[in-house]
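Below is one structure; the comments refer to it alone.
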Amino acid sequence: MKTLHHFHGGVHPEQHKLESSALPSVCAPVPQRLILPLQQHLGTRAKAVVRAGDKVLKGQLLARAAGAMSAAIHAPTSGTVLSVDFHALPHPSGLPDLCAIIEADGEDLWAERAPCDFRAADRAELRAKLRDGGIVGLGGATFPAHLKFDCKPAREIRTLVLNGAECEPWITSDDRLMRERAAEIVRGIEILRYLASPGETLVGIEDNKPQAVTAMRQACANTGIEVVAVPTLYPTGGEKQLIKVLTGKEVPSGGYPLHVGVLCSNVATAYAAHRLINCGEPMISRLVTVTGSVRTPQNFEALLGTPIEELVKLAGGALPGSAGYILGGPMMGLHVSNGWLPVVKSTNCVIVKSPQLFPPLPPALPCIRCTRCADACPADLQPQELYWFAKSRNFDKIKNYHLFDCIECGACNYVCPSHIPLVQYFRFAKSELRALEHESAAAALARERYEYRQMRIERDKQEKAEKLAQKEKAALAARQSAPATGVSQDGSAQARIQAALERAREQAAAVKPKNMDSLTSQQQAEIAEIEARRAKARELAQGQASGKTEQATDEHG
Amino acid sequence: MLTALLVMSAIALALGAALGYSAIKLKVEGNPLADKIDAILPQTQCGQCGYPGCKPYAAAIAAGEADINRCPPGGEEGIRRLADLLGVEFKPFGGETAGPKARAVAFIDENACIGCTLCIQACPVDAIAGASKQMHTVITQECTGCELCVAPCPVNCISMVPLPQTPQTWKWQYPVYALVPVK
């Protein structure tokens with residue numbers, strides 16, 4: 001028997017699991033239209049490789065991974081791509097983003113599937129397969145799996161933890177998956193073990209799912225994988241919390257499980273890896289719990305892109321008086337009102353809300369500093385302080401209080417006697433801090449470019465000045481080395497002008513009219529006559545001019 | 001008496017020499033306060049503060065010649081951080097300085113551009129690509145939104161386009177809820 005440890009805090013919300021866990025999961029029929037967001041993972045949006053009008057087969061690539069932190073998106077059924085356009089996303093902003101919209105043809109024809117023997121494959125090759133197969137962490141964070149398993153194996157990983165805790169109330173999709181497909185999950189775990197080569201492999205399941213524990217124990221017999229039932233306490237399913245419970249190791253603040261030699265992955269991720277590697281089927285469907293205010297709460301194997309309203313209809317429809325949905329659990333889930341949002345890789349549960357099941361919170365009262373939130377915080381933070389700083393927008397201080405270690409589990413909200421929406425404040429502060437970080441990175445880039453530009457302008461100026469100085473120097477040297485041109489040694493401006501005038505005169509003297517050579521005597525006589533006439537005219541003109549001036553002086557007198 | 005005087009003057013001389021030596025040897029290059037202020041400024045180099053760039057404005061603040069509320073691109077958060085750094089009171093935007101605007105980037109209407117390079121010369125961060133008598137275009141990722149390229153354009157083909165909000169750039173809003181007094 002394994003010794004278990006405790007994490008700090010935790011709460012016991014009402015479970016509500018039995019409503020949906022009793023019925024076996026059902027394969028949901030292919031809907032008429034599927035909406036596939038190109039970003040269903042953490043990182044950069046995948047790049048579409050299809051266009052409107054293209055015919056696609058089931059499992060065909062729709063968008064390839066763009067950059068390192070990305071994962072591919074595939075067609076969940078065969079049909080026609082209607083458009084690659086903006087459509088509402090299951091995102092807290094409610095803003096639209098690029099989605100591929102597919103009209104199903106009803107034939108559900110598979111593209112060619114290429115299963116492979118992972119033991120014969122290279123690790124890097126397998127990771128590339130995970131990326132191109134669109135495998136991401138299905139526990140909720142949707143971190144691309146190929147990056148999680150990009151580690152130097154054997155030396156680094158002592159423990160591989162498979163997360164089957166499923167601690168959020170209402171959700172039973174992992175429970176049903178482990179009960180019904182334990183053998184497949186174990187085959188997927190083998191792939192992950194091959195990638196990480198861990199010393200030990202542990203599967204953590206909360207003890208409120210005894211059938212899942214039994215099924216997994218049976219499937220794991222003689223494989224070296226240990227299935228551990230952990231006490232039911234929200235949020236044991238948090239990565240850091242489950243690692244603490246199973247191994248006693250605490251992931252350092254701001255660090256990753258890898259820093260303590262642990263890798264943690266969801267059981268549904270292991271199942272998806274099995275489908276991809278052993279069956280050649282990329283990530284195109286997942287188990288989704290439909291529960292809450294519906295007639296028959298149950299789990300569906302739903303194609304990605306299925307509108308949540310279709311699933312609710314399959315579960316017998318919403319009961320009268322229902323309003324809105326929660327995607328995920330009630331503690332961390334996303335409250336939406338639009339039923340045409342698609343199921344994405346992170347959608348593990350759709351809860352139909354009703355005022356009876358989820359009565360609106362009473363209005364918030366002032367914080368009384370009771371620190372019940374600090375007692376409940378599984379990350380060992382001081383939510384009451386964080387709340388203070390977030391409220392006053394004191395972002396430097398809130399960072400010092402390790403805001404980014406907050407996993408937004410909502411335990412503090414749950415226990416707060418004043419009903420303060422603490423997590424909302426923390427999300428606000430986190431996104432502000434991220435924006436500030438982004439801005440300061442942009443400022444650093446702008447500063448660098450501005451300073452380079454200034455340096456370049458300065459350098460150009462200097463180069464020009466240097467060139468000019470060199471030219472002048474060369475000209476001066478040329479003049480000094482050629483004194484025959486009559487330049488005086490002092491080189492003053494006056495002297496230079498004098499010298500230039502002299503040069504001009506010399507040049508003028510050197511050029512004589514050529515038509516004066518070899519003239520006949522008659523021509524010479526003519527020239528003499530003309531010259532005499534000119535001289536006379538000049539004399540006359542001079543005489544007249546002097547006469548005029550005399551007259552002018554007389555008139556004035 | 002004399003001994004005391006001698007001892008005191010010897011100490012004074014020794015300390016003076018040490019201070020003089022360290023003043024020369026340990027001199028700090030540049031203005032560290034101006035650098036700290038410059039690190040807070042958004043580096044748009046837009047000149048809306050009345051100085052020819054962020055660094056001159058930082059130097060002016062450090063010298064006590066300029067107010068801290070003259071940088072619209074920095075926003076109120078920028079003023080708050082400057083006030084924190086300098087230990088002065090927060091000062092809202094007002095007077096001759098305009099308030100902050102939504103972040104925008106320059107956009108060149110490429111059909112109208114005549115390729116005069118005037119905007120390229122005006123851009124403080126080299127965010128406009130193009131050459132003489134060739135079409136110009138703005139490198140959106142590098143554009144700081146300073147608007148310095150808008151005025152020089154002889155054909156008015158540059159406009160400022162506000163950046164749209166996407167799920168990637170969206171921010172959580174400040175939680176607003178009413179405090180209700182207990183009856």
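The values are calculated or read from the model by the stated rules, or taken from the named source; none is laboratory data. Please read all numbers here as calculations on a predicted model, not as lab measurements. Every residue, glycine as well, gets a Cβ built from its backbone with ideal geometry; the counts of neighbours run over all protein chains shown. For accessibility, only protein heavy atoms count, side chains too; no ligands or nucleic acids. Shrake-Rupley method; radii C 1.70, N 1.55, O 1.52, S 1.80 Å.
Tabulated data for the structure shown
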{"quantity": "Residue check for A:Gln241: surrounded by fewer than 21 Cβ atoms within 10 Å (Cβ to Cβ) and part of a helix (DSSP H, G or I)", "calculated": "no"}
{"quantity": "Qualifying residue in the stretch B:93-103 (condition: of a type in the set (A, V, I, L, M, F, W, C), away from chain A (no Cβ under 13 Å) and touching a strand residue (DSSP E or B) at 6+ places or on another chain (Cβ under 9 Å))", "calculated": "yes"}
{"quantity": "Qualifying residue in the stretch A:433-442 (condition: touching a helix residue (DSSP H, G or I) at 6+ places or on another chain (Cβ under 8 Å) and farther than 24 Å from B:Lys55 by Cβ)", "calculated": "yes"}
{"quantity": "Residue ID - farthest from B:Gly145 (Cα to Cα), chosen from residues in the stretch B:20-59 that are open to solvent by 60 Å² or more (accessible area, probe 1.4 Å), within 13 Å of chain A (Cβ to nearest Cβ) and not in a loop (DSSP other than H, G, I, E, B)", "calculated": "B:Asp35"}
{"quantity": "Where a residue in the stretch B:15-38 is within 20 Å of B:Ile79 (Cα to Cα) and its partner, wherever it lies, is open to solvent by 70 Å² or more (accessible area, probe 1.4 Å), with Cβ under 6 Å and at least six apart", "calculated": "B:Asp38/B:Lys55"}
{"quantity": "Positions within the stretch B:133-172 being of a type in the set (A, V, I, L, M), part of a loop (DSSP other than H, G, I, E, B) and away from every other protein chain (no Cβ under 12 Å), in sequence order", "calculated": "B:Met135, B:Val150, B:Ala151, B:Val155"}
{"quantity": "So A:Val251, is it open to solvent by less than 30 Å² (accessible area, probe 1.4 Å), without any contact (Cβ under 8 Å) to a residue 60 or more places away in the chain and of a type outside the set (Gly, Ala, Ser)", "calculated": "yes"}
{"quantity": "The stretch A:123-159, residues that are at pLDDT below 90, out of contact with any strand residue (DSSP E or B) (no Cβ under 6 Å at 6 or more places or on another chain) and in a loop (DSSP other than H, G, I, E, B)", "calculated": "A:Gly140, A:Ala141, A:Phe149, A:Asp150, A:Cys151, A:Lys152, A:Pro153, A:Ala154, A:Arg155, A:Glu156, A:Arg158"}
{"quantity": "Any chance A:Ala435 is open to solvent by less than 80 Å² (accessible area, probe 1.4 Å), of a type in the set (Gly, Ala, Ser) and within 13 Å of chain B (Cβ to nearest Cβ)", "calculated": "yes"}
{"quantity": "Failed item, numbered, when A:Ser346 is tested on (1) crowded, with 18+ Cβ neighbours inside 10 Å; (2) within 30 Å of A:Leu42 (Cα to Cα); (3) more than 14 Å from chain B (Cβ to nearest Cβ)", "calculated": "(3)"}
{"quantity": "Matching residues in the stretch B:115-132 - criterion: being open to solvent by 20 Å² or more (accessible area, probe 1.4 Å) and more than 14 Å from chain A (Cβ to nearest Cβ)", "calculated": "B:Cys116, B:Thr117, B:Leu118, B:Gly130, B:Ala131, B:Ser132"}
{"quantity": "Some residue of the stretch B:105-114 being open to solvent by less than 20 Å² (accessible area, probe 1.4 Å), more than 11 Å from chain A (Cβ to nearest Cβ) and either under 15 Å from the mean Cα position of the chain (by Cα) or of a type in the set (Asp, Glu) (or both)", "calculated": "no"}
{"quantity": "Every residue from the stretch A:358-389 that is within 14 Å of chain B (Cβ to nearest Cβ) and either under 17 Å from B:Asp84 (Cβ atoms) or open to solvent by 80 Å² or more (accessible area, probe 1.4 Å) (or both)", "calculated": "A:Pro360, A:Leu361, A:Ile368, A:Trp388, A:Phe389"}
{"quantity": "Positions within the stretch A:52-96 being open to solvent by less than 10 Å² (accessible area, probe 1.4 Å), over 19 Å from the mean Cα position of the chain (by Cα) and among the small types (Gly, Ala, Ser), in sequence order", "calculated": "A:Ala75, A:Ser78, A:Gly79"}
